[in-house]
Amino acid sequence: MSTKVVLITGTSSGIGLAAAVSASHAGFTTVATLRDPARADALRKAAEAAGVELDIRRLDVTDAASVEECVAGVIADHGRLDAVVNNAGAGHVGTIENESVDEVRRVMEVNFFGVVTVTRAALPHLRATGGRLLTVTSVGGVVGQPFNEAYCAAKFAAEGFMESLAPVAASVGVAVGVIEPGAVASEFVANVGVKEDAAAEAGVYGPALANYISRTRGAFANAQTSEEAAATIIEALTADRLPFRMQTSDVARAFAGGKLADLDGSRIQTMTSAWVA
Ligand code: NAP
């Protein structure tokens, strides 16, 4: 029997890179995709150091043609697709009065519509294998966080989409789940690119933003590694039964659990108001 084939998006760094290497190590034929093949050096080096092989291909989740082309190429070359990990994503810090609606749309394009595009292209092939569809959302897909309106909206949207799709996909043999990391020490924070003087430029929101940035730096000081977060993805790919929702650490479990038990919303509002006070 041929080995199972997994396709992972956003593997140039961080969780996606670690998941690609670990999946290959776990025995999957691993299609590691990135939007810019020129940024594959770190991925190649990590695969070489781990002694594993990867099939590296271009896929930009915001470019539907690149998604279709990539999935078609995988089927042409490997003949099957057993799992997809929607991992590509990008953070964003801002608040609506200080930014344009177009900026919010861009955040949705990568973190939500990108997931939708890859999912739609992959589903017929996952149906054929009785496969798995995983999406790396975030604890920010469960708990709305200050200055993360657009990012959390996109991650909430991805969670709602997947929670709704799960029973429908299960009816045709495809298991759907979300992976919720808390703080992970990847390129994520650097890629958000918050400027040193962001608070000074935030007008009336400056003091709250300064407090948020300072609190967030503290949270990321205790971040788990990308490899630790990726271990949960491998567990989700290989477990006999896929739970719908998996967190990547005890901290993430406690954080998401607090929200899921917060029926009137007061617990989260008290907590996040303290972050900006
Ligand atoms: P990262 O190191 O910044 O990796 C993000 C990956 O997504 C990069 O490979 C990036 O590629 C890729 N990407 C961005 N836009 C893309 C597009 N249009 N098409 C294809 N790939 C694209 O951050 P990470 O922490 O590993 O993030 C992985 C996932 O975990 C994301 O969905 C993120 O939201 C989620 N997450 C992260 C944390 C955290 O604290 N790090 C917490 C919760 C959830 P380029 O190199 O080309 O930009």
Only unsatisfied item for residue 137, checking (1) within 14 Å of the chain's Cα centre (by Cα); (2) open to solvent by less than 10 Å² (accessible area, probe 1.4 Å); (3) within 23 Å of residue 94 (Cα to Cα); (4) touching a residue at least 60 places away in the same chain (Cβ under 8 Å), is (4)
Residue satisfying all of: in segment 156-202; among the charged types (D, E, K, R) and crowded, with 18+ Cβ neighbours inside 10 Å; farthest from residue 140 (Cα to Cα) among these:
159
Tally, over segment 190-232, of residues that are within 12 Å of the ligand (Cβ to nearest atom), among the β-branched types (Val, Ile, Thr) and within 18 Å of residue 89 (Cα to Cα)
3
Among the residues of segment 50-62, the number that are under 16 Å from residue 119 (Cα atoms) and open to solvent by 50 Å² or more (accessible area, probe 1.4 Å) is 1
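With segment 16-86 as the region, which strands (runs of 3 or more DSSP E) entirely inside it contain at least 2 residues that are of a type in the set (D, E, K, R)?
Working: elements: 29-34, 55-58, 83-86.
Answer list for segment 16-86: 55-58.
Would segment 227-245 turn up any residue that is β-branched (Val, Ile, Thr) and not in a helix (DSSP H, G or I)?
Of segment 227-245, the ones β-branched (Val, Ile, Thr) are 232-234, 238.
Subsequent filtering for residues that are not in a helix (DSSP H, G or I) retains none.
So far as segment 227-245 goes, no, none of its residues is β-branched (Val, Ile, Thr) and not in a helix (DSSP H, G or I).
On the basis of being within 13 Å of the ligand (Cβ to nearest atom), in contact with a Phe, Trp or Tyr (Cβ under 9 Å, 6 or more places away or on another chain) and of a type in the set (Gly, Ala, Ser), does residue 89 make the cut?
Working: within 13 Å of the ligand (Cβ to nearest atom): yes; in contact with a Phe, Trp or Tyr (Cβ under 9 Å, 6 or more places away or on another chain): yes; of a type in the set (Gly, Ala, Ser): yes.
Judged against the criteria, residue 89 is a match.
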Looking at (1) among the hydroxyl-bearing types (Ser, Thr, Tyr); (2) over 17 Å from the mean Cα position of the chain (by Cα); (3) open to solvent by 30 Å² or more (accessible area, probe 1.4 Å), which is the only condition residue 95 fails?
(3)
Options 167, 124; residue that is more than 19 Å from residue 240 (Cα to Cα), over 15 Å from the mean Cα position of the chain (by Cα) and not β-branched (Val, Ile, Thr)
124
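Return the residues of segment 111-127 that are within 30 Å of residue 276 (Cβ to Cβ) and open to solvent by 40 Å² or more (accessible area, probe 1.4 Å); say none if nothing qualifies.
Initially, segment 111-127 is screened for residues within 30 Å of residue 276 (Cβ to Cβ), giving 111-115.
Matches in segment 111-127: 113 only.
The values are calculated or read from the model by the stated rules, or taken from the named source; none is laboratory data. Keep in mind that what you see is a predicted model, and the values were worked out from it rather than measured. When we count neighbours, we look across all protein chains shown, and the Cβ atoms used for this are built from the backbone with ideal geometry, even at glycine. Just the protein is used for accessible areas: all its heavy atoms, side chains included, with ligands, DNA and RNA removed. Shrake-Rupley method; radii C 1.70, N 1.55, O 1.52, S 1.80 Å.
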